[in-house]
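The values are calculated or read from the model by the stated rules, or taken from the named source; none is laboratory data. Keep in mind it's a predicted model, so treat the numbers as computed, not measured. Here the Cβ positions follow ideal geometry from the backbone for every residue, glycine too, while neighbour counts run over all protein chains shown.
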């Protein structure tokens, strides 16, 4: 019974969202606001029971691990964002958070920059590596604005534009596929789960 | 009104209707278009399949998902889990998103319906939801000891007491970390797990993010990539061809479309396990339609431009 109600509700909300394709209307607005509210409403108690209780309340108040008072107090600092006089206290948890971000910098540099550069420096033994080499160099030079894009240099940098256009085309093609997939997913739900037209 | 003027000013709602019809018809009457597989998907399948029947190897799945990404990512979840259950491959699942945890539970339940012999904590272990703030400590901690980093499964049982953990300790026993994600796919595992422990990483992503992640395939930081509904359809097809029939993976056979088509009858496959392939039928029709729209729009544009040029010359 509950499953049937859920399916009908989901179908109603899906159609409400689709109604925007005709024009803006109260059904769309209702579904949009409900989605945002439900997402937040779902996240807050879920986080409370799965994060606050097991990682803060239980160890501190049931197991008496008093060392946790320190991170607990640092975390509470965030709440002072709402006070005009004491908002400076919120900088401490932010600073602590940034410190953790800093921990990831060396690994990010390795994974996102050094390994990528290493691939660029391989011997040009196949067509893929040659294309990657030409594409990377021509795009880097295209964004080098201290020299006028004229003559042979200008022609070479214009190759960079072609590489970028192909890249944008690939991204856009994938984006079209993604958006259509969302439509297909919803229509599959309506046709199978709701209307039972697909087995 | 001239034809060129008409197509330049056509109400977009007519286009929506045509597109809806183009999607609905193939969903109701599947065309059964062939599914070609690509190297990033085949590599992932092959890599996972190599852990078949191994007690000391497991696949680690991270569900970084929300309902808005379900149409693309959920078929991937089902296909990868089904592959693992069919081939007796141990699976760990985790999510750092509240909504992702619910999707993870739904996917496990839906696949498990088809595998009554597969047992939680023996054949797979759901670590459940973990706070977003803990993702880095957990990812690094698994490198030393999974049971210490994650501590408990979703039911609150301590990992060290679970049978599945018998021969599994850390990343040395993880065949591959797969992040099926609608957010920033794979960066957590590429930056921390791969960079520090050398574990193999793969991702399943929405099509929007797929193009951005190809550089990581090129460098070998990713061993496989499932891109959008197409990636899910390819993986479904490989599972249907090899795992369902109990055939070990073969690169030559995977590339042989006519051989693959003889291995199963699509109409006999449960709908939940062919959702992406049916969806790709609709996708193909819609793509053809969009290409036609682009061509018609451009023809109209150039005819109009030419007419304006003629008027200017006169």
Exercise. Can you tell me how many residues in the stretch A:125-145 are surrounded by fewer than 15 Cβ atoms within 10 Å (Cβ to Cβ) and more than 20 Å from residue A:155 (Cβ to Cβ)?
Worked result: 4
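Residues are listed down the side, and each one gets a yes or a no for (1) under 30 Å from residue A:187 (Cβ atoms); (2) without any contact (Cβ under 8 Å) to a residue 40 or more places away in the chain; (3) touching a helix residue (DSSP H, G or I) at 6+ places or on another chain (Cβ under 8 Å):
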position	(1), (2), (3)
A:14	yes, no, yes
A:31	yes, yes, yes
A:35	yes, yes, yes
A:38	yes, yes, no
A:53	no, yes, no
A:56	no, yes, yes
A:69	no, yes, yes
A:72	no, yes, yes
A:78	no, yes, yes
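Please work out if residue A:165 is at the interface with chain B (Cβ under 7 Å from one of its Cβ atoms) and either surrounded by fewer than 20 Cβ atoms within 10 Å (Cβ to Cβ) or free of Cβ contacts under 8 Å to residues at least 60 places away in the same chain (or both).
So residue A:165 fails the test.
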Exercise. What number of residues within the stretch B:264-283 are more than 16 Å from residue B:114 (Cβ to Cβ) and either in contact (Cβ under 8 Å) with a residue 12 or more places away in the chain or assigned to a loop (DSSP other than H, G, I, E, B) (or both)?
Worked result: 10
Problem set entry | Residue count for the stretch A:139-175, restricted to those that are at pLDDT 95 or above and under 30 Å from residue B:278 (Cβ atoms) | 0
Exercise. Has the stretch A:170-178 got at least one residue that is within 30 Å of residue A:6 (Cβ to Cβ) and touching a helix residue (DSSP H, G or I) at 6+ places or on another chain (Cβ under 6 Å)?
Worked result: yes
For this session: Select from the stretch B:150-178 the residues that are in contact with a strand residue (DSSP E or B) (Cβ under 7 Å, 6 or more places away or on another chain) and within 14 Å of chain A (Cβ to nearest Cβ) and list them in ascending order.
Result: B:150, B:151, B:152, B:153, B:154, B:158, B:177
Exercise. Which of the residues belonging to the stretch B:1-56 are assigned to a helix (DSSP H, G or I), more than 28 Å from the chain's Cα centre (by Cα) and more than 14 Å from every other protein chain (Cβ to nearest Cβ)?
Worked result: B:3, B:4, B:5, B:6, B:7, B:8
Problem set entry | Candidates B:271, B:235, B:301, B:249, filtered to the one that is crowded, with 23+ Cβ neighbours inside 10 Å and touching a helix residue (DSSP H, G or I) at 6+ places or on another chain (Cβ under 9 Å) | B:235
Exercise. Which of the helices (runs of 4 or more DSSP H) contained wholly in the stretch A:58-120 include at least 2 residues that are farther than 30 Å from residue B:190 by Cα and either away from every other protein chain (no Cβ under 14 Å) or touching a strand residue (DSSP E or B) at 6+ places or on another chain (Cβ under 9 Å) (or both)?
Worked result: A:69-76
Exercise. Do we have residue A:131 as closer than 30 Å to residue B:66 by Cα and assigned to a helix (DSSP H, G or I) here?
Worked result: no
Exercise. So which residues in the stretch B:110-149 are modelled with pLDDT of 95 or more, in contact with a strand residue (DSSP E or B) (Cβ under 7 Å, 6 or more places away or on another chain) and crowded, with 20+ Cβ neighbours inside 10 Å?
Worked result: B:124, B:125, B:126, B:127
Exercise. Among the numbered criteria (1) away from chain A (no Cβ under 14 Å); (2) within 14 Å of residue B:65 (Cα to Cα); (3) in a loop (DSSP other than H, G, I, E, B), which single criterion is violated by residue B:107?
Worked result: (3)
For this session: Give the residue, chosen from B:198, B:204, B:224, B:186, that is touching a residue at least 60 places away in the same chain (Cβ under 8 Å) and within 14 Å of chain A (Cβ to nearest Cβ).
Result: B:204
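Listed here are the residues, each with its yes/no results for (1) modelled with pLDDT of 95 or more; (2) surrounded by 21 or more Cβ atoms within 10 Å (Cβ to Cβ); (3) in contact with a helix residue (DSSP H, G or I) (Cβ under 9 Å, 6 or more places away or on another chain); (4) part of a helix (DSSP H, G or I).
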residue: B:63; (1), (2), (3), (4): yes, yes, yes, no
residue: B:68; (1), (2), (3), (4): no, no, yes, yes
residue: B:81; (1), (2), (3), (4): yes, yes, yes, yes
residue: B:103; (1), (2), (3), (4): yes, yes, yes, yes
Exercise. Could you count how many residues in the stretch A:13-31 are under 22 Å from residue B:19 (Cβ atoms), more than 10 Å from every other protein chain (Cβ to nearest Cβ) and in a helix (DSSP H, G or I)?
Worked result: 10
